[in-house]
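Reviewing the structure listed below.
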Amino acid sequence: MYVYYAGSQGLHGEILDSRMEPRLEVGNESVIGTRIGTLPFYSALCRASWEADRMYALAPAVGGPTIGRALTKPEHSGKGALLVNVRVLKGGEFRAELTDANGKAIPGFSAAECLPITGDHRRVALQWKGGKKAPVDNVRIRFVLQQAFLYGYDWQQ
């Protein structure tokens, strides 16, 4: 996606020379009586871009080394592998844990048993000591982010 915008030097219009004439008396002040700029005025047309699969991200609210956590609603995993689209900044890591409907970690699939993800990945499968595939179909996911951005996830059968 592309967003085009304009940038310009100065405040909302021309850059004015305060020594310009004519001057008008308004109240107790002498003000410039014309809107003709005297200095060069520079502006540019700019473009910002985002990739479609990275428009929005889940990130810790505080940022930095602070750890952020998010818990999903119960969903069907199909007993498949959990794939994530994630970007982890230098010094950070991304983990996830699979929980039951009450939010209790499934043995072998806790955040501590998840191999941490670092770097930039569009589609990487998470792996725990319990394996790569969810042991049950109805799970919740608790994402644990430290200097990381989660753009999306999906289950692979």
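The values are calculated or read from the model by the stated rules, or taken from the named source; none is laboratory data. Computed from a predicted model, the values in this text were never measured in an experiment. Using ideal geometry, Cβ is built from the backbone for each residue, glycine included, and neighbour counts are taken over all protein chains shown.
So the values come out like this:
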quantity	calculated
Checking Glu97 against (1) of a type outside the set (Gly, Ala, Ser); (2) in contact (Cβ under 8 Å) with a residue 40 or more places away in the chain; (3) within 30 Å of Tyr2 (Cβ to Cβ), the condition it does not meet	(3)
Test result for Ala105, surrounded by 12 or more Cβ atoms within 10 Å (Cβ to Cβ) and over 21 Å from the mean Cα position of the chain (by Cα)	yes
Residue within the stretch 137-146 that is at pLDDT 95 or above, exposed (fewer than 15 other Cβ atoms within 10 Å of the Cβ), within 22 Å of Pro60 (Cα to Cα) and in the same structural domain as Pro65 (by TED's automatic domain parsing) present	no
Test: residue in the stretch 99-108 that is among the hydrophobic types (A, V, I, L, M, F, W, C) and not in a strand (DSSP E or B)	yes
